[in-house]
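Notes follow once the structure below has been shown.
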Amino acid sequence: MSYRVAVLVSGSGSNLQALLTAQVCGELGAEVVLVVSDRADAYGLQRALQHNVAAAFVPLQRPRHMATRTAWEQRLAAVISAFTPDLVVLSGFMRVLSAAFLTRFPGQVINQHPALLPDDGGDMVCTSDGRVIPTLRGAHVVADALRLGLTVTGCTIHYATPLVDNGPVLARVEVPILPDDTPESLHERIKVEERRMIVEVVRDLAQQSAARQERR
Ligand code: GRF
């Protein structure tokens with residue numbers, strides 16, 4: 001039985017593309033069955049359609065209005081549930097999902113974050129060369145790393161929890177910051193690592209799931 005993956009995107013979806021390409025090449029061990037976006041113009045939706053993968057646009061109007069937001073999350077969860085995914089990947093999905101949403105997919109939602117996150121959920125991260133740097137969370141972490149004058153940042157894949165950019169870490173890679181880096185150049189180098197890492201993590205999770213099923 002295939003390991004079914006739903007991917008949520010708000011933008012370009014180059015990480016999604018890495019998953020789709022790995023799938024086409026037979027290197028993913030999983031099947032992307034659905035791509036969902038909160039934005040109609042997210043290029044990730046086009047990428048899905050180019051690969052004959054179902055694509056859904058679930059718009060959120062009035063994001064600050066609690067009742068609207070709750071109803072949107074329920075629609076989003078219903079669309080995802082209809083595709084019975086084993087895994088939901090938040091891949092550049094620029095919305096925070098509530099505990100109510102996450103409990104519908106227990107232990108199944110992972111998030112990609114373009115900075116280093118610590119194992120203990122704290123405010124500091126240790127780098128491989130023994131430095132301690134601040135944990136960067138939120139939507140502007142690439143620019144934040146430059147603004148703070150850091151010389152190293154990176155990317156992390158972790159299980160999503162109701163706390164933003166916080167949860168058990170699955171994989172983490174460091175990326176050096178170069179003296180002439182701009183937010184764009186740095187983010188592009190981080191994304192090179194992210195694309196490799198997301199394919200590895202999805203493949204690993206699919207293999208672990210298959211091994212569990214064999215043992216049953
Ligand atoms: C990635 O850097 C991811 O970590 C962040 O959004 C970016 C998505 O890039 N959350 P793309 O849309 O896959 O190109």
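The values are calculated or read from the model by the stated rules, or taken from the named source; none is laboratory data. Just so you know, these numbers come straight off a predicted model, no measurement behind them. No Cβ is skipped: glycine too gets one built from the backbone with ideal geometry, and neighbour counts run over all protein chains shown. These area figures cover heavy atoms from the full protein model, side chains too; ligands, DNA and RNA do not enter into them. Shrake-Rupley method; radii C 1.70, N 1.55, O 1.52, S 1.80 Å.
For segment 122-134, the criterion of being under 30 Å from L146 (Cβ atoms) and surrounded by 18 or more Cβ atoms within 10 Å (Cβ to Cβ) is satisfied by at least one residue.
Could you grab me the full set of residues in segment 56-97 that are open to solvent by less than 40 Å² (accessible area, probe 1.4 Å), in contact with an Asp or Glu (Cβ under 8 Å, 6 or more places away or on another chain) and within 16 Å of the ligand (Cβ to nearest atom)? Within segment 56-97, F93, L97 qualify. Only residues that are among the acidic types (D, E) and in contact (Cβ under 8 Å) with a residue 60 or more places away in the chain were counted across segment 23-60, and they come to 1.
Each row is one residue, and each column tells you yes or no for (1) within 17 Å of D86 (Cβ to Cβ); (2) more than 18 Å from the chain's Cα centre (by Cα); (3) among the basic types (K, R); (4) modelled with pLDDT under 95.
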position	(1), (2), (3), (4)
R4	yes, no, yes, no
C25	no, yes, no, no
L28	yes, no, no, no
A42	no, no, no, no
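Taken residue by residue, segment 147-170 has at least one member that is more than 11 Å from the ligand (Cβ to nearest atom), surrounded by fewer than 14 Cβ atoms within 10 Å (Cβ to Cβ) and closer than 17 Å to L90 by Cβ. Taking segment 8-55 as the range and being out of contact with any strand residue (DSSP E or B) (no Cβ under 7 Å at 6 or more places or on another chain), part of a helix (DSSP H, G or I) and more than 10 Å from the ligand (Cβ to nearest atom) as the test, the residues that pass are T21, A22, V24, Q46, Q50. Number of residues in segment 18-50 that are surrounded by fewer than 18 Cβ atoms within 10 Å (Cβ to Cβ) and over 21 Å from E73 (Cα atoms) equals 10.
Listed by first and then second residue, the pairs linking a residue in segment 197-215 that is open to solvent by 10 Å² or more (accessible area, probe 1.4 Å) to a residue that is hydrophobic (A, V, I, L, M, F, W, C) and at pLDDT below 95, with Cβ atoms under 8 Å apart and 6 or more places separating them unless they lie on different chains, are Q213/M1.
In the condition set (1) within 16 Å of the ligand (Cβ to nearest atom); (2) among the aliphatic types (A, V, I, L, M); (3) out of contact with any strand residue (DSSP E or B) (no Cβ under 6 Å at 6 or more places or on another chain), M197 is compliant with all but (3). Those strands (runs of 3 or more DSSP E) of segment 106-216 in which 2 or more residues are among the hydrophobic types (A, V, I, L, M, F, W, C) and either within 23 Å of L19 (Cβ to Cβ) or touching a Phe, Trp or Tyr at 6+ places or on another chain (Cβ under 9 Å) (or both) occupy 109-113, 152-159, 169-176. Filtered by the rule that a residue be among the basic types (K, R) and over 18 Å from A171 (Cα atoms), segment 124-148 gives R131, R147.
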